[in-house]
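Structure first, commentary second.
The values are calculated or read from the model by the stated rules, or taken from the named source; none is laboratory data. What you see is a predicted model; the values in this text were computed from it and never measured. Here the Cβ positions follow ideal geometry from the backbone for every residue, glycine too, while neighbour counts run over all protein chains shown.
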Amino acid sequence: MTTALVTGGTSGIGAAFARALAERGHDLVLVARDPDRLAQMATELTDSYDIEVEVVSADLSDRDDTLRVASRLESTEQPIDILVNNAGFGVHTKLTADDTAPHEYAIDVMIRAVLILAAAAGRTMRSRGRGAIVNVSSTAGFITMGSYSAVKAWVTSYTEGLANELCNTGVQVTALCPGWVRTEFHQRAEIGTSKIPDWMWLDADRLVADCLDDVERHRVISIPSKRYQALMLAARHLPRRAVRFASRKLSSSRH
Ligand SMILES: NC(=O)c1ccc[n+]([C@@H]2O[C@H](COP(=O)([O-])OP(=O)(O)OC[C@H]3O[C@@H](n4cnc5c(N)ncnc54)[C@H](OP(=O)(O)O)[C@@H]3O)[C@@H](O)[C@H]2O)c1
């Protein structure tokens, strides 16, 4: 039996990872802040699948909480075979706002915690000669929509660096770059979605299945769906001026 640790495994994309991994027979460690939702998710999973579920209530904006999760990843008695660094949220605050705390909070959860947890998992998995790390990034990282794009550009670039560092060690490292997915993400960040056309929405279960296929194929960047692959090809090859213009239009349509 193998075990996967999923951060933010109680909602949206993280919950879809938890269900997909449970269906494939992996035991789970779920990490999130809300202990009631963790317990509820654990019950749902153990009722539906023949697996064990452990829950860890931790706030990944807190360095000590993050180190507690890192030490779970380093356990040799109860090894973790797959890490899904998924916990995150949208940031809808202007870069010039008086209070930069929302940006700093995003950096703590979506950069510092990703770095600490992937480092712990990478060290431990390398010593065992096997394992997989999935860092949930975003297609937003290829464009320029404020600090959220900057944070996710870091996640994608960091993942490529980690994949290089762990090349030929038996540890697969993949950045999942989703487009829009209906989860609690937009409501939590107060992002308007009424102007987003239907064709731009991805299904969380399909997205996760495609990502897990990409992990098996040893892909470092996973961009599920042909439509987002085409859009991101354009974003990577258009002049940056055009990318900034499109990003500006997209930002104003979200209010
Ligand atoms: N939805 C999209 O359109 C979309 C697109 C591209 C990328 N993404 C990325 O996908 C990932 C998951 O987002 P989602 O859409 O599934 O959002 P979601 O439905 O809001 O789920 C977020 C999950 O993260 C946990 N979480 C949030 N802050 C946390 C913290 N400080 N410490 C520990 N856990 C925390 C939440 O649980 P608690 O609140 O209990 O802590 C929840 O389980 C994020 O990294 C996001 O940037 C989403």
Next on the checklist: Among the residues in segment 187-205, are any closer than 19 Å to Ser253 by Cβ, at pLDDT 95 or above and assigned to a strand (DSSP E or B)?
Outcome noted: yes
Next on the checklist: So, in segment 169-186, exactly how many residues are part of a strand (DSSP E or B) and hydroxyl-bearing (Ser, Thr, Tyr)?
Outcome noted: 1
Next on the checklist: Checking the conditions here, which among Leu5, Leu30 is farther than 16 Å from Asp205 by Cα, within 9 Å of the ligand (Cβ to nearest atom) and either surrounded by fewer than 20 Cβ atoms within 10 Å (Cβ to Cβ) or at pLDDT 95 or above (or both)?
Outcome noted: Leu30
Checklist entry - So, in segment 96-115, of the ones that are surrounded by fewer than 20 Cβ atoms within 10 Å (Cβ to Cβ) and either within 14 Å of the chain's Cα centre (by Cα) or acidic (Asp, Glu) (or both), which residue ends up farthest from Lys152 (Cα to Cα)? => result Asp98
Item to check | Residue in segment 124-134 that is in contact (Cβ under 8 Å) with a residue 40 or more places away in the chain and under 23 Å from Trp180 (Cα atoms) present | outcome: yes
Checklist entry - Among the residues of segment 147-168, is there at least one that is touching a helix residue (DSSP H, G or I) at 6+ places or on another chain (Cβ under 9 Å), surrounded by fewer than 17 Cβ atoms within 10 Å (Cβ to Cβ) and not in a helix (DSSP H, G or I)? => result no
Checklist outcome for this item: Residue count, segment 220-230, condition closer than 22 Å to Tyr158 by Cβ and part of a helix (DSSP H, G or I), comes to 2
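Can you pull out the residues in segment 116-136 that are buried (at least 19 other Cβ atoms within 10 Å of the Cβ), assigned to a helix (DSSP H, G or I) and out of contact with any Gly (no Cβ under 9 Å at 6 or more places or on another chain)? Explain how you work it out, then say what you get.
So in segment 116-136, the residues buried (at least 19 other Cβ atoms within 10 Å of the Cβ) come out as 117-118, 120-122, 124-125, 131-136.
This time we only want the ones that are assigned to a helix (DSSP H, G or I), so: 117-118, 120-122, 124-125.
Passing the criteria: Leu117, Ala118, Ala120.
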Checklist outcome for this item: In segment 201-228, anything surrounded by 15 or more Cβ atoms within 10 Å (Cβ to Cβ) and more than 30 Å from Arg123 (Cα to Cα) is listed as Leu202, Ser225, Tyr228
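Being within 11 Å of the ligand (Cβ to nearest atom), farther than 17 Å from Tyr228 by Cα and of a type in the set (Gly, Ala, Ser) is the requirement here; does Ala189 meet it? Steps first, please.
Working: within 11 Å of the ligand (Cβ to nearest atom): yes; farther than 17 Å from Tyr228 by Cα: yes; of a type in the set (Gly, Ala, Ser): yes.
Judged against the criteria, Ala189 is a match.
Give the residues of segment 165-200 that are touching a residue at least 12 places away in the same chain (Cβ under 8 Å) and at positive phi, sorted by residue number.
Going residue by residue through segment 165-200, those that are touching a residue at least 12 places away in the same chain (Cβ under 8 Å) are 165-166, 169-186, 188-193, 195-196, 199-200.
If the condition is that a residue be touching a residue at least 12 places away in the same chain (Cβ under 8 Å) and at positive phi, then Gly170, Glu190 are the ones that fit.
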Next on the checklist: Condition (residue is out of contact with any His (no Cβ under 9 Å at 6 or more places or on another chain) and on the phi > 0 side of the Ramachandran plot) applied to segment 209-223: is it met by at least one residue?
Outcome noted: yes
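Among the residues of segment 33-68, which ones are more than 25 Å from Ala204 (Cα to Cα) and not charged (D, E, K, R)? Explain how you work it out, then say what you get.
Residues of segment 33-68 more than 25 Å from Ala204 (Cα to Cα): 62-68.
Residues satisfying the conditions are Thr66, Leu67.
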